[in-house]
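The block underneath contains the structure these notes are about, expressed in structure tokens.
No value in this document is a laboratory result; all are computed from the given coordinates. Everything numeric in this text was worked out from a predicted model, so none of it was measured. Neighbour counts are summed over all protein chains in view; Cβ atoms, including those assigned to glycine, are modelled from backbone coordinates with ideal geometry.
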Amino acid sequence: MPSLTRKEVEEIALLARLHMDEAALARMESELGAILEHFSSIAAVDTTDIPPMTHAVPIELPLRVDVAFPSLDAADALRAVPKRDGDLIVVPAIIAGSGE
Amino acid sequence: MSGVELWSIADITRRIAAGEVTAAKILTDTIARITERDGELGAYLATDFEGAQTAAALVDAMRSANLPLGPLAGVPIALKDMIVTKGVVTTAGSKILDGWSPPYNATVVERLRAAGAVIVGKVNCDEFGMGSSTENSAYKKTRNPWDATRVPGGSSGGSSAAVAAGLCTASLGTDTGGSIRQPAAFCGVVGLKPTYGRVSRWGIVAFASSLDQVGPIARSVADAALVLQAISGHDPLDSTSLAQPVPQFSESIAAGVTGLKVGLPKEYFAGEIDPEIRAALDNTVAALKEKGAEIIEVSLPHTELALPAYYIVAPAEASSNLARYDGIRYGTRADASDLLDLYCKTRGAGFGPEVKRRIMLGTYALRSGYYDAYYKKAQQIRALIKRDFDAAFETVDVLLTPTTPAPAFAFESKATPLDMYLGDIFTLACNLAGLPGMSVPCGLTKNRLPIGAQLLGKPLDEATLIRTGAVIESALAIGAPP
Amino acid sequence: MTELAQLLKDFEPVIGLEVHVQLATKSKAFSASGIEFGASPNSLTDPTVLGLPGSLPVFNKAALELALKLGVATGSQIRAKSRFARKHYFYPDQPKNYQITQFDEPLCENGHLDLIVGGAVKRVKLQRIHLEEDAGKNTHVGAFSHVDLNRAGVPLCEVVSAPELTSSEEAAEFMRALHRLVRWLEISEADMEKGHLRCDANVSVRLRGEDRLGTRTELKNINSFRFVQNAIDHEIARQLRLIDSGGRVERETRLWDADLGQSAPMRSKEEANDYRYFPDPDLPVMVVEGALMGNILRSLPELPVARFERYQKIHNVTADDARTLISDRALAEYFDAALEAHPKDGSGRTIANWMLTELLGALNKAGITIAQSPMPPQRLISLVKLVEEGTISGKIGKEIFEESYRTGEDPAAIVERRGVQQISDEAMLWAVVEKVVSASPKQTTDYQGGKDSLFGYFVGQVMKETQGRANPVMTTDLLRKRLGR
């Protein structure tokens, strides 16, 4: 497994939307590097034909009957919103193309 | 310390039912004790004495009206702050949720209320359950009731400290990689992580969804069994909740261990373990043997891979679960003029260093091109670890290991994150395999620090943990902290 | 600059579509709050929709059933075990900052959608159909955006075609075919105005004969049949001109602005998207049981394109009429009921004619749908039979239709009452012909002398004598016989 570069740390921080100052990024680089180094042992484990275990217990997806229940009151739904305009949530302008 | 604060659940419910004491009186004494002691201990993040008084008054009114009382009627209970409580601030120990008052209750909260429990407040934890000392709480330091210079463990440190110090009768913790069992061991109380899916996760702030479980922390195995009983069972609001019958756990308390096959996984005794813990485990083995258990050495060959597998799977899921904290719909929001800035600054300021570290680690592991080498590989190793357990449980009924390699450590004594992670080696595999696990006090060090014995059971076999734990508890009782 | 038409001789457009279809459920995909277009902002939420801490998803059975219907109707392979995955990107209309969707284990794969192109059926491969949740809605207001989460969590099927459409017309036809199919099966209300069908298009061009695909662009936000066609035409032209002028097509996402009639690249961030898909740990494997599949298969009606072909092959309906008949399931059901009431070979074309001209004309005039038609198929057939059997003429038939449509009276009864039966009695008609010819000696002489145009005069006189009830074919025959040519 390749070691972690500073550029990668910055890319990951952006992907994860985490602002960190220079010192924090430097610390992250060395800490993550050490952790990944420690975990490099897993590469050597033979896992051929072992299905990944995505759930702790083997169960099937339960299905919900299609019945609509009363929604939260808009007042309850919006009580914790830091910035709103009436019943709408307000955010800084979305730059076209920053998401889907 | 004497009186109400150390009564068992059975004591409380029996005396209330008999009219010897009221729920209101028990609550008043508990509040007094919290007021007196919590400034020093630092267990509670928020109290809801008003809500508690209403609940206690209801119990007393029902008692007066000769109505049937619930199994936890009048029992003061504290909830880890990872558990969502309607109208009572829930922060998960994070600044990013500072002041958040949820519009709904977790299923476990509803079930405790239905059982007559009196919920007194929310207790401290490592931010989003990430940590082993509760030092990662954004709010306060919680001390170990046995030694105030030491950590209570984590992440359910507030839960175990409050229970050990008598600031509630029992509490709920959450356990993703040992967060119930390790602090229970550090604080000398019983902590039980149920089988994955036994207890609903609806309303539990998610850390790692495929590993998280809620469970009781209590002063006795019997109390833990009663609380577990109240919160267990299928919940249609959680797609991973098991639709399996829940046995009467209390019936296992007095079942004894005659003929029970107790496995000692050799890998858990091979590494660096504090000699006093080793000795306490020897005593535990001797006690079980004496009570009629058969001790068998077994092997779980992939044990050493649990740590890397866990520290890939859990951060990966956490990086996803914590994406929602962006300051848009709830929580704190940073000042920013554009959207990208809003996300980065809100999250940069709202999360503490350990949470950021895990989000970074998890984001790294899920990136395209790295997924197979990290996340997928870790999930395959997880399958190997599960196979080890399946094989072991073909010959034994329950596994016995130390809960931790060392007793409670001093504040700020772990030099690096990795040092902290290494303390979790005995508790992680249980979550990866989805098994029930319990920590029971089994001795004290010469410095009077509690030592925990960990029991791991077959899926859905909490009953055997309770049965075995009760025997250990009666043979090796450690008493209450000073 | 080379003409576009010239460029299109050398280059071939290749188009693939991704269409999001809103499923017609009562509640959201993963929680129980309701779905309603135009409800007041943020009034249709719950802890799961809001992505509150501690909330969890539980999947809606109806959404699975509707997706299975679509899967079966498109001949897709249905995965007995499929899985939900999380797709991560930060956006204010997406409360969890990840979308629950399906990634490498979608519900349906390798299906097909039948299109009607120029009267013929073209089969287009579908790579996959998967289930996912919708996002909320952002509205841009100056320096801010407003977020309404009512739509967040609404269940969608994403239908992904193979890149094998070769023109904007085909792309629009794909949308129409999908629209028709999902309405036919009541999978979606498919109201375009409400955004129930939303389309993204991947467009590229390549030299004809080339196997490799050219660099594609993704066009977003093309949400009507017309926009699909305009936006794709525009993009094909843009790419061809770019290539013609020595440029290269960049792989990018472009946003279609219907008002301006042009697309612009969406500004790309300094980072590449990395969605970090992984199986959703909150949602176990989705197992499609045999019993559920059985129910779906049993409940599936004959599909529109199958009827399109049957109407032409078995019932002799023209391609145009067949296409109109399948544009709406209720229309096709009416037609089939009519066929059943009159199972005579070859009558289909006549029935279709009456339905599509007289009946649809009357319905349109009244502004009502076929389902609300005051004239049931059996009554239309009784009229068609009167005409077919020669009891009344087609012209009279239209009058009878009008009266029956208006009053609800049976056509045969109207004919009886009004005495408008056609005269097909040879002896009776011969008498009329005799009378007309005898009364017109001059015209008879002129006609027999070669003035062909006078034949119409004699027919008119017979019709006049019989108040238009004379069987026209017989009248013609008898006149020719009497006049000798």
Checklist outcome for this item: The distance between the Cα centres of the range B:11-87 and the range C:74-130, in whole Å, is 52 Å
Checklist outcome for this item: Going residue by residue through the range C:273-280, the Karplus relation 6.51 cos²θ - 1.76 cosθ + 1.60 with θ = phi - 60° gives ³J(HN,Hα) values, rounded to whole Hz and with x marking Gly or Pro, of 5, 9, 6, 6, 4, 7, x, 5
Next on the checklist: Tell me which of B:ALA165, B:ALA24, B:PRO459 sits at the most positive position along the dipole axis of chain B, charges placed on C-beta atoms (Lys, Arg +1; Asp, Glu -1).
Outcome noted: B:ALA24
Checklist entry - How far apart, in nm, are the 7 Å Cα→Cβ label points at A:ARG6 and B:GLU40? => result 4.9 nm
Checklist entry - Along the charge dipole of the protein assembly as shown, which of C:ALA152, B:ALA477, A:MET53 sits closest to the positive end, that is, farthest toward it, with unit charges on the beta carbon of Lys, Arg, Asp and Glu (+1, +1, -1, -1)? => result C:ALA152
Item to check | Beta bridges by DSSP in the range B:4-254, antiparallel share as percent, to the nearest 5 | outcome: 65 percent
Checklist entry - For chain C, list the DSSP H helices whose alpha carbon atoms reach 15 Å or more along the long axis and whose average Kyte-Doolittle value is 1.0 or above? => result C:61-73, C:426-438
Next on the checklist: Out of all DSSP beta bridges in the range C:175-283, what portion is antiparallel? Express it as a percent rounded to 5.
Outcome noted: 75 percent
Next on the checklist: Suppose a student asked you for the relative contact order of chain B, using Cα pairs under 8 Å spaced at least 6 residues apart; what percent would you report?
Outcome noted: 17 percent
Checklist outcome for this item: Sorted by chain and number, the residues with a modelled amide H under 5 Å from that of B:SER137, at a separation of 5 or more or across chains, are B:GLU127
Item to check | Percentage relative contact order, the range B:206-272, counting C-alpha pairs under 8 Å, at least six apart | outcome: 21 percent
Next on the checklist: Which chymotrypsin sites (Phe, Trp or Tyr not before Pro) in the range C:113-206 sit in a loop by DSSP (not H, G, I, E or B) and have at most 13 other Cβ atoms within 10 Å of their own Cβ?
Outcome noted: none
Checklist outcome for this item: Placing each pseudo-label 7 Å from Cα in the direction of the beta carbon, C:ARG417 and C:SER440 end up separated by a distance in nanometres of 3.5 nm
Next on the checklist: Quick one: 3J(HN,Hα) in Hz for the range B:250-263, Karplus 6.51/-1.76/1.60 with θ = phi - 60°, rounded, Gly and Pro as x.
Outcome noted: 5, 5, 8, 4, 9, 6, x, 10, 4, x, 6, 9, 9, x
Checklist entry - Do the sum for chain C: with -39,500 (n - 2.57) for every DSSP H run of n ≥ 4, divided by all residues, what is the mean residue ellipticity at 222 nm, to the nearest 500 deg cm²/dmol? => result -12000 deg cm²/dmol
Checklist entry - Relative to the present Cα-Cα distance, how much length would full extension add between C:GLU164 and C:GLU399 at 0.36 nm per residue of separation? => result 79.6 nm
Checklist outcome for this item: By the C-alpha gyration tensor axes a ≥ b ≥ c (rounded if a/c is under 1.5, else prolate when a/b exceeds b/c, else oblate), the shape of the protein assembly as shown is prolate
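Exactly which trypsin sites (Lys or Arg not before Pro) in the range A:5-100 are in a DSSP loop and have at most 14 other Cβ atoms within 10 Å? List each step's numbers first, then the result.
Working: sites: A:ARG6, A:LYS7, A:ARG17, A:ARG27, A:ARG64, A:ARG79, A:LYS83, A:ARG84; in loops: A:ARG17, A:ARG79, A:LYS83.
Here the sparse-neighbourhood loop sites are A:LYS83.
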Checklist entry - Treating the beta-carbon of each Lys and Arg as +1 and of each Asp and Glu as -1, no other charges, what is the dipole magnitude of the protein assembly as shown about its Cα centre, to the nearest 20 debye? => result 1340 debye
Checklist entry - Treating the beta-carbon of each Lys and Arg as +1 and of each Asp and Glu as -1, no other charges, what is the dipole magnitude of chain A about its Cα centre, to the nearest 20 debye? => result 280 debye
Next on the checklist: Within a 10 angstrom radius of the beta carbon, how do B:CYS168, B:CYS125 rank from fewest other beta carbons to most?
Outcome noted: B:CYS168, B:CYS125
Checklist outcome for this item: Computed over the range B:4-254, the relative contact order (Cα-Cα under 8 Å, seq sep at least six) in percent reads 18 percent
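First measure r as the distance between the Cβ atoms of C:GLU409 and C:LYS451, then evaluate 1/(1 + (r/R0)^6) with R0 = 56 Å and state the FRET efficiency to the nearest 0.05.
Details: r = 45 Å, r/R0 = 0.80.
Efficiency at R0 = 56 Å is approximately 0.80.
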Item to check | Which of C:GLY290, C:ILE222, C:PRO301, positive extreme of dipole for the range C:181-340 (C-beta unit charges) | outcome: C:ILE222
Item to check | Inter-chain Cβ neighbour average for residues B:342-351, partner chain, 10 Å | outcome: 5
Checklist entry - Which shape class, rounded, prolate or oblate, goes with the range B:4-254 when its Cα gyration tensor gives a ≥ b ≥ c as root eigenvalues, a/c under 1.5 marks rounded, and past that a/b bigger than b/c marks prolate? => result rounded
Next on the checklist: Between A:ALA68 and B:ARG278, what's the calculated FRET efficiency when r is the beta-carbon distance and R0 is 56 Å? Round to 0.05.
Outcome noted: 0.40
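Treat every Asp and Glu Cβ in the range C:4-296 as -1 and every Lys and Arg Cβ as +1, leave all other atoms uncharged, and give the resulting dipole magnitude about the Cα centre to the nearest 20 debye. Working shown, then result.
Numbers: 36 positive and 41 negative charges, 46 e Å.
Its charge dipole is roughly 220 debye.
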Checklist entry - Once you average over the residues of B:229-241, how many Cβ atoms of partner chains fall within 10 Å of each Cβ? => result 4
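Provide the FRET efficiency to the nearest 0.05 for the C:LYS194-B:GLU394 pair, computing r from the beta carbons and using R0 = 60 Å.
0.55
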Next on the checklist: Once you order the gyration tensor axes a ≥ b ≥ c over the Cα atoms, which shape class does the range B:333-431 get: rounded for a/c under 1.5, otherwise prolate or oblate by comparing a/b with b/c?
Outcome noted: oblate
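Tell me the GluC sites (Glu not before Pro) within the range C:44-150 that lie in a loop according to DSSP and have at most 10 other beta-carbon atoms within 10 Å.
Within the range C:44-150, no GluC sites (Glu not before Pro) qualify (loop, at most 10 other Cβ atoms within 10 Å).
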